[in-house]
């Protein structure tokens with residue numbers, strides 16, 4: 001097992017190196033240059049030339065890459081052109097918002113998707129099954145940003161039940177020791193703030209979780225259908241165990257194996273989905289930050305942000321792989 | 001089997017955990033009303049000397065004050081921390097008499113020492129502070145520093161500041177300048193507490209990967225001025241909170257708290273207003289104005305235009321545009337009114353000259369060029385470029401500017417009207433950044449191109465002086481008469497004489513036609529009707545001192 005984990009960890013190194021090359025090349029393939037972006041449209045050609053020299057943009061590309069890689073390996077992603085703040089600090093500031101939103105979306109997808117898929121399988125071929133299929137298709141088909149706008153319009157603008165923007169009511173004065181607002185409200189025992197933070201999470205989490213919800217529902221349904229015809233399930237039923245016990249102990253537990261894998265993968269995908277959701281809800285996380293950076297051609301943020309999100313994605317997948325190996329020993333030997 | 005459930009539970013928990021622990025992260029004033037105001041982004045930082053963006057200035061203008069200011073809602077210069085001023089006959093010595101009884105938010109007294117401390121601070125900036133990303137406005141107005149560490153900087157305008165008693169200072173300049181006084185309204189030149197600047201490391205900073213970063217805490221946690229609001233806190237991505245300055249020397253703010261929050265999209269800001277999450281928001285999209293007006297509890301506050309969209313007419317060797325009659329034909333052949341009516345959502349005004357009407361120096365007597373295709377054809381046939389006169393016309397893509405919301409449609413309408421006026425137009429386009437602007441600036445964007453300008457401060461030199469005070473590759477013309485009058489106007493220290501010079505210059509420019517201005521556009525604030533006393537200033541700011549929420 002240890003060897004498997006070490007092997008998987010070692011594989012992360014070339015993956016991250018490959019990613020760094022891709023990001024480095026991609027940013028330089030964009031029209032313009034970081035220097036023209038840095039100096040703005042009123043910069044003279046002489047000033048641009050001076051900056052190119054000063055910051056090493058006239059050096060060969062491979063030297064620039066090595067230099068950049070050294071910085072990245074020290075977690076030095078540079079300084080934002082737009083905000084003049086260190087990218088690392090911005091990540092620290094904004095990552096908790098995205099993490100909370102992602103976890104909330106995941107909870108929404110699992111809490112609704114698993115029961116929905118389970119009962120769809122139990123009612124296989126009946127109205128409930130067809131309805132769940134329909135809901136799943138809708139969930140997968142509607143673009144996240146469109147769903148976000150619709151949800152916001154109905155539940156915030158028209159009905160006024162939920163807020164439209166941000167993480168917390170700006171009039172609430174509460175401490176943020178960790179920047180994870182849900183956690184902060186619990187730590188400080190500020191239940192009013194907790195309720196407000198949760199209210200701010202509902203619409204973005206539903207919008208962001210709609211696609212994972214559909215996928216989790218379909219995977220759960222398929223897994224339950226598979227498992228419930230297994231010999232051991234039939235045996236359990238033949239022994240006279242109550243149906244609820246059979247479902248809980250034998251069907252659902254075994255069906256959770258593929259479900260857990262898909263949940264892990266969705267957790268990574270949610271990070272990229274957060275770009276649109278956070279923009280619509282002005283949620284101050286990594287997603288809206290990256291979106292602004294792309295519009296502003298804020299190259300250090302684009303590079304640092306993408307690398308960080310990619311790193312998270314790789315780490316989530318690594319954990320999924322290792323966990324899966326723990327659950328299913330055959331994985332280690334394949 | 002129980003083990004498998006535990007293990008699968010572990011996967012879910014682990015996925016959540018990696019999100020939460022990666023890289024070790026995680027780490028009222030009274031019964032007076034609170035106003036929540038939405039801008040488009042966070043401030044850069046809150047030391048106005050080191051920023052040049054409107055989001056930062058919105059906050060610093062509420063906290064800090066300059067020696068002079070613009071009367072709210074106008075571009076008229078008025079005394080503020082200085083009660084009066086005088087200039088010497090050679091225009092190089094300025095004496096300011098200072099307001100008494102003014103205190104900074106940290107309790108220290110505002111007096112002549114503070115004024116000289118601020119001027120000397122700017123003048124003595126060195127190293128990374130001389131980077132273009134740090135001191136844009138200082139460099140734009142004052143040219144250079146005491147010791148220029150960065151190549152390309154010019155000789156400094158400022159020479160010295162001397163205290164003449166507690167409430168009088170004498171500032172000496174190295175050369176005559178008419179822009180010195182008007183430029184003092186820019187928030188970058190606001191007075192800040194010397195004690196706080198020193199205590200919180202305001203003059204500590206460095207360049208990181210080409211971008212200036214203050215390393216002291218002043219610009220993030222301790223901005224200290226004399227204004228009607230005091231800084232309380234700043235949570236990046238969420239809000240800047242200001243509270244009423246109960247010791248303010250003038251009319252005290254009616255608000256107890258002013259909260260400025262960033263909401264990046266215009267739709268997001270509109271919906272936050274509709275949902276009551278903000279009391280007002282800036283930079284409302286022109287297309288949302290009707291929606292706001294249609295809501296019985298909301299209103300629109302209009303900010304007078306402070307920009308200009310224009311068509312560059314590029315002259316140069318062998319260019320048909322060297323002929324005045326061809327330039328006049330272009331002016332008559334552009335259906336500017338139609339463009340303004342069609343593509344500005346009611347926010348545009350026809351521009352007949354290069355400065356907006358709110359600025360001193362705007363003239364009602366400039367030559368006008370109403371759309372007249374027949375006259376354009378007549379002019380062409382009597383010129384060196386007969387009908388059909390071929391022109392290359394450039395426009396930008398992937399951009400929407402405040403003065404030019406839809407460049408492609410502007411171009412299409414102009415192309416049609418020019419072709420009906422005897423021109424044969426070859427269209428060219430390029431992405432705004434980096435290609436288009438560079439081509440316009442170096443004079444390679446055809447005979448005609450669409451471009452514009454948003455003003456930085458309330459002085460005509462910031463418009464016509466920027467365009468026409470000397471030769472520029474963009475326009476490609478040499479006209480010593482125009483260059484001279486604009487240089488003279490920029491150096492003139494008598495307000496009356498300056499205004500007369502700029503009026504004359506505008507009239508000369510519109511006769512000579514180095515370009516054709518076509519639109520000034522308003523910008524808008526959306527607000528609840530219960531918000532009163534808030535004033536939109538033409539230069540882009542918002543005046544909160546008299547604001548209240550009923």
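The values are calculated or read from the model by the stated rules, or taken from the named source; none is laboratory data. Since the structure is predicted, the reported quantities are computational estimates derived from the model, not experimental observations. Quick reminder, even Gly has a Cβ in these numbers, built from the backbone with ideal geometry, and neighbours come from all protein chains shown.
In the list B:256, B:316, which residue meets the criterion of being outside the structural domain of residue B:438 (by TED's automatic domain parsing) and surrounded by fewer than 24 Cβ atoms within 10 Å (Cβ to Cβ)?
Going through B:256, B:316 in turn, the sole match is B:256.
Please determine whether any residue of the stretch A:75-87 is within 12 Å of another protein chain (Cβ to nearest Cβ), in a helix (DSSP H, G or I) and surrounded by fewer than 19 Cβ atoms within 10 Å (Cβ to Cβ).
no
Taking the condition of being crowded, with 20+ Cβ neighbours inside 10 Å and over 24 Å from the mean Cα position of the chain (by Cα), how many residues in the stretch B:449-503 meet it?
Total satisfying the criteria: 3.
In the set B:176, B:166, B:172, which member is in contact with a strand residue (DSSP E or B) (Cβ under 7 Å, 6 or more places away or on another chain) and either within 18 Å of residue B:141 (Cβ to Cβ) or not in a helix (DSSP H, G or I) (or both)?
B:172
Among the residues of the stretch B:251-287, write down those that are away from chain A (no Cβ under 13 Å), more than 20 Å from the chain's Cα centre (by Cα) and in a helix (DSSP H, G or I).
B:287
Take residue B:185 and tell me if it is surrounded by 23 or more Cβ atoms within 10 Å (Cβ to Cβ), within 24 Å of the chain's Cα centre (by Cα) and modelled with pLDDT of 90 or more. Don't jump to the end; show me each part of the working.
Numbers: surrounded by 23 or more Cβ atoms within 10 Å (Cβ to Cβ): yes; within 24 Å of the chain's Cα centre (by Cα): yes; modelled with pLDDT of 90 or more: yes.
Yes.
Looking at (1) surrounded by 15 or more Cβ atoms within 10 Å (Cβ to Cβ); (2) at positive phi; (3) within 14 Å of chain A (Cβ to nearest Cβ), which one does residue B:134 not meet, given that it meets all the others?
(2)
Looking at A:186, A:172, can you tell me which residue is away from every other protein chain (no Cβ under 12 Å), farther than 26 Å from residue A:150 by Cα and touching a helix residue (DSSP H, G or I) at 6+ places or on another chain (Cβ under 8 Å)?
Going through A:186, A:172 in turn, just one is away from every other protein chain (no Cβ under 12 Å), farther than 26 Å from residue A:150 by Cα and touching a helix residue (DSSP H, G or I) at 6+ places or on another chain (Cβ under 8 Å): A:186.
At least 1 residues that are crowded, with 23+ Cβ neighbours inside 10 Å and at pLDDT 90 or above in each: list the helices (runs of 4 or more DSSP H) lying fully within the stretch A:148-260 that qualify.
Helices (runs of 4 or more DSSP H) meeting the threshold: A:181-188, A:191-227.
Read through the list (1) at pLDDT 95 or above; (2) surrounded by 14 or more Cβ atoms within 10 Å (Cβ to Cβ), then give the number of the only condition that residue B:166 fails.
Residue B:166 satisfies every listed condition except (2).
Could we say that residue A:109 is out of contact with any strand residue (DSSP E or B) (no Cβ under 8 Å at 6 or more places or on another chain) and either surrounded by 14 or more Cβ atoms within 10 Å (Cβ to Cβ) or facing another protein chain (nearest Cβ under 10 Å) (or both) here?
Criteria met by residue A:109.
Identify, by number, the condition in (1) closer than 30 Å to residue B:236 by Cβ; (2) surrounded by 24 or more Cβ atoms within 10 Å (Cβ to Cβ) that residue A:295 doesn't meet.
The single condition residue A:295 does not satisfy is (2).
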